[in-house]
1. If one computes the Cα centroid of segment 69-115 and of segment 9-54, what distance in Å separates the two points?
2. Can you tell me the orientation of helix 35-51 relative to the chain, as the angle in degrees between its alpha-carbon axis and the longest Cα principal axis, to the nearest 10?
3. Between 0 and 90 degrees, rounded to the nearest ten: what's the tilt of helix 12-22 against the longest Cα principal axis of the chain?
4. Once you've got the GNM for the chain with C-alpha springs shorter than 10 Å, pick whichever of Ile56, Ile98, Ile14 has the biggest mean-square fluctuation.
5. What percent do you get for the relative contact order of the chain when only Cα pairs under 8 Å and 6+ apart count?
6. Taking every DSSP beta bridge with both residues inside the chain, roughly what % is antiparallel (nearest 5)?
7. Give the angle, between 0 and 90 degrees and rounded to the nearest 10, that separates the Cα long axis of helix 80-89 from the longest principal axis of the Cα atoms of the chain.
8. Per the Cauchy relation, a quarter of the hull surface: what is the mean projected area of the convex hull of the alpha carbons in the chain, in nm²?
Amino acid sequence: MIEINRLERLSPAIKDRFLNRVYTPLELAEVGPVTASLAGRFAAKEAVAKALGSGIGAIHWKDIEIRRGSAGEPILTLYGAAAALAKEQGLLDWSVSISHNNTQAIAMVVAIGPG
């Protein structure tokens, strides 16, 4: 969960650097300046890192990409260290849910491996 205004309050001096460090170019192109959607993706990326048991650090923000599917559903793609860690742990199936209201965004991620 993240307060949406945390992203709205970012100083212009660091906002672009933050956005380019956390989000892939495809995420930024898809979302544009919609702060609530950016906050939802941020929460989802944190949830994925926690599901992997690593947190951000062992994996990078851009190793986790959250895109919008044809029905508006969140679609997760893992790259680099996140993909390697998921493979190592046998995590094959992922479900991502993102929601927000006027002040907060929240995400839940479930990762499932073979029986």
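1. 14
2. Orientation of helix 35-51: about 30 degrees from the principal axis.
3. With both axes taken from Cα atoms, the answer is about 20 degrees.
4. Maximum among the listed residues: Ile14.
5. Relative contact order of the chain: 31 percent.
6. The antiparallel proportion sits near 95 percent.
7. 40
8. 7.2
Computed from the coordinates by the stated procedures, all read-outs in this text should not be read as laboratory data. Everything numeric in this text was worked out from a predicted model, so none of it was measured. Please note: Cβ atoms are built from the backbone with ideal geometry, for glycine as well, and neighbour counts cover all protein chains shown.
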